[in-house]
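The values are calculated or read from the model by the stated rules, or taken from the named source; none is laboratory data. The model shown is predicted, which means the values in this text are computed figures rather than measured ones. Virtual Cβ from ideal backbone geometry, glycine too; neighbours counted across all protein chains shown.
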Amino acid sequence: MIKTVSKKRKFPSTTVIGSYPVFIPAGLMSQHAAFADEVEDPIQSTIELSVRDFLSAGIEYPSTGQTRDTFVRIFLDPDYVSGISKHGSETIVNGNIKRTRPIRLDDVETAKEVIPAYYHLKEPVTDPYTLARNCRIEGSTYGDLKELTFAIAKEIVRPELESIQPFVDYLQIDAPYFSVEPFKDYFKDLYEEMLSGLKRPVVLHVCGDTFSIFKELTKLKADVISLDFTSHDRLLEEVALRNFDQEIGLGCVSTSSPIVESVREIAGIIQRVSQKIGEDRISFVHPACGERGLSLDSAYQKNVNLTLARNQVFIGEPLAAHSVSLEESDYDPNGYFLIQVDNQEQQIVVSFNSYEHVPLVRLQSTSGEKLISAIIDNKIISDTEYGKRHLGYVGYEIGKAETALRNKLPYRQDRPLSLPGIY
């Protein structure tokens, strides 16, 4: 019997915090800027790559994974916001700030087009206090940091949230400064004003050690509080101690270390938090923060292990797969498949032969997916239990053939792929 999660049991979704390590060479970016009408947008391509990596790893609420600048600078870019100028690395507020056009909308729409309908999208926007802390005020437009923070919330962050919410299932606010500076008494009013009336639930993500401010975070208007549980056990004790209305986003994979945690290690964190605060309080499991600082392979495998760990905790260990050896009488009565690779023509060739070795159907393509679809659409395999087994075998072999074709490896049916010269 295949194990499934109980319908009565809360099953947290997998998600990411935002950034992902797909990099664009600087030369290509400058080329794109100079010839925007002639060169394919490189960021759109990396968004698609990021989203596909997320989905492949089992992330059910991906994000775009890529931005055209840092998550601070992109929301303070003079190309999108008036009243702001740049002086080297400094951002200077020298007038009344106002978002002049959407900042992330096109890229969010790109991500939305990539994901299947049964997946969801969660996209981060930077907290207004974080943005204000990265500005220098010139002149008398805004009297102090608080006034600038409220202005950024009203003129930049709120309009941005409203523009992307039709395309996402969750809005996320990233507030890294909350864990490193004294909590301000005006944050509660700030978030109430900024988030009231939005049509999507909101995740507040605060990275770092949030032990001392968790109580304050629960006072802010948010549906989910997303925190890092990877290195501060005292945070877990604090969360278990408090009464609050929000659900918890459980950061259980480190993004500061390139070492990929084992499934068992990640599952241990999820298990401890679940037992301490109640699994019904956990909305998401996710990396501790953005993954931009990791290598691509490390980030991908961390996300894979995150998904496997979630499943292990809430469903249990995977069942051991086993198969039944087929007797000759169990073979597909319609015939057998011969799968070959034509390296000169760069094609996978699939022949369905009678048991007299007469080719009944011959198909070719560079795409394994197209070949499988054609086999199903043409009803080549018998509609029997063992015909279904045959289809599984054929899918496996065609997948090997496509891998061999793409990587210029020799392909031999019913044998493992090997490097050239190794048999």
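Some notes on this structure:
- Remark: Tyr336 falls outside the filter, which requires a residue to be touching a helix residue (DSSP H, G or I) at 6+ places or on another chain (Cβ under 9 Å), of a type in the set (Ser, Thr, Tyr) and in contact (Cβ under 8 Å) with a residue 24 or more places away in the chain.
- Flag if Gln340 is modelled with pLDDT of 90 or more and surrounded by fewer than 15 Cβ atoms within 10 Å (Cβ to Cβ): no
- Complete set of residues in the range 105-140 that are hydrophobic (A, V, I, L, M, F, W, C) and closer than 19 Å to Ser89 by Cα: Leu131, Ala132, Cys135, Ile137
- Qualifying residue in the range 380-387 (condition: without any contact (Cβ under 8 Å) to a residue 24 or more places away in the chain, within 23 Å of Pro333 (Cβ to Cβ) and in the same structural domain as Ile348 (by TED's automatic domain parsing)): yes
- Being surrounded by fewer than 19 Cβ atoms within 10 Å (Cβ to Cβ), under 37 Å from the mean Cα position of the chain (by Cα), touching a residue at least 24 places away in the same chain (Cβ under 8 Å) and assigned to a helix (DSSP H, G or I) holds for only one residue in Gln271, Gln275, and it is Gln271.
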